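Before any comments, here is the structure.
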């Protein structure tokens, strides 16, 4: 059971402070919440190392692939509106889809469509180039270079950012609106968080600087995968900063915002009378996908599945150049948690398993 009452947070605070003192990240935000309020909150370290600006609750972070939960929510809204069905072939709505007739929308959501997953580290552009960036042209070239599926539909779980690029295109085709506009109007605005989160950095936002540890194998590897002179600055106190950037496809990882904005989204997911989806749609979205052989895939429609001390949860991490974060909900107990760091992360670390354990009874 997970609960907040009479919880001794001493060990939790130690774990959080160690993330900073052990130089695992320059700065960190963590919160544990229910559907109505934040029950525990921690901020520590620096949002900007060079300027010595501390992380606060108003610091904005890159959500990267946590955005996929918003994309999945948008798809489920269109299902509720009767504009598409989860078992529709993708090609029904996107005739130019190149990966065959038997891939369904639910396969894309559950990462079981078998689409390729090219390394996305270089799929970024500097903020000053954003106005002229051609997303459609960029991904048209990516699809042309990766025309073959890796596996048959629903044969196995295989994570793919390209699947969520397709879902973004699907949302645009069915709704008649650009993907970012649809999310802003139908997810961010109903929650009243559009001033705190979005797909472009606002001048009044206090966006953390993203970092990569200078003395690390990862930094050496970036030399071969990225134009570091274009995207990264000099090292400060052992941390090499990223310049302001955007990912090339908002549907797979484009959201930037305050922890409070991401929390508001998760809280709505926990409510029986939420503004975004019906309880039935949430249950459908959170039901673990079964592959063709009947085995559980560890993934539902846009959310990973897990269990902490007997308490099931749905979650998603987000990571890339300069940032790593995790978002989690425990629907059975009506609780959730988030952690944000301003250092690079390229895998799902399940850091919240260690942190949320403080609230177990």
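The values are calculated or read from the model by the stated rules, or taken from the named source; none is laboratory data. In this text the structure is predicted, and so the values were computed from the model without any measurement. Neighbour counts run over all protein chains shown; Cβ positions are idealised from the backbone, glycine included.
Annotations
- Residue-level analysis places residue 57 among those that are loosely packed, with under 15 Cβ neighbours inside 10 Å, in contact (Cβ under 8 Å) with a residue 12 or more places away in the chain and more than 18 Å from the chain's Cα centre (by Cα).
- Taken together, the residues in segment 77-92 that are in a helix (DSSP H, G or I), surrounded by fewer than 18 Cβ atoms within 10 Å (Cβ to Cβ) and in contact (Cβ under 8 Å) with a residue 60 or more places away in the chain amount to 1.
- Close pairs (6 angstrom Cβ cut-off, 6 or more residues apart or separate chains): in contact (Cβ under 8 Å) with a residue 60 or more places away in the chain and at positive phi in segment 312-337, in a strand (DSSP E or B) and buried (at least 23 other Cβ atoms within 10 Å of the Cβ) anywhere: 322/211; 322/242
- The single condition among (1) closer than 30 Å to residue 274 by Cα; (2) without any contact (Cβ under 8 Å) to a residue 24 or more places away in the chain that residue 106 does not meet is (2).
- Consider segment 134-150 and keep the residues that are part of a loop (DSSP other than H, G, I, E, B) and loosely packed, with under 15 Cβ neighbours inside 10 Å. The one that is nearest to the chain's Cα centre (by Cα) is 134.
- All positions within segment 159-198 that are free of Cβ contacts under 8 Å to residues at least 24 places away in the same chain and under 29 Å from residue 297 (Cβ atoms): 172
- Matching entry among 114, 132 (being without any contact (Cβ under 8 Å) to a residue 24 or more places away in the chain and closer than 29 Å to residue 224 by Cβ): 132
- Inter-residue pairs, beta-carbon under 9 Å, first touching a residue at least 40 places away in the same chain (Cβ under 8 Å) and in segment 287-300, second surrounded by fewer than 18 Cβ atoms within 10 Å (Cβ to Cβ) and in a strand (DSSP E or B), 6+ apart: 289/296; 289/305; 297/290; 297/305; 298/305; 298/306; 299/305
- Test: residue in segment 107-124 that is over 22 Å from the mean Cα position of the chain (by Cα), part of a helix (DSSP H, G or I) and at pLDDT 95 or above: no
- Against the conditions (1) surrounded by fewer than 22 Cβ atoms within 10 Å (Cβ to Cβ); (2) assigned to a loop (DSSP other than H, G, I, E, B), residue 99 satisfies every one except (1).
- Given (1) under 19 Å from residue 113 (Cα atoms); (2) surrounded by 22 or more Cβ atoms within 10 Å (Cβ to Cβ); (3) out of contact with any helix residue (DSSP H, G or I) (no Cβ under 7 Å at 6 or more places or on another chain), number of the condition residue 298 does not satisfy: (2)
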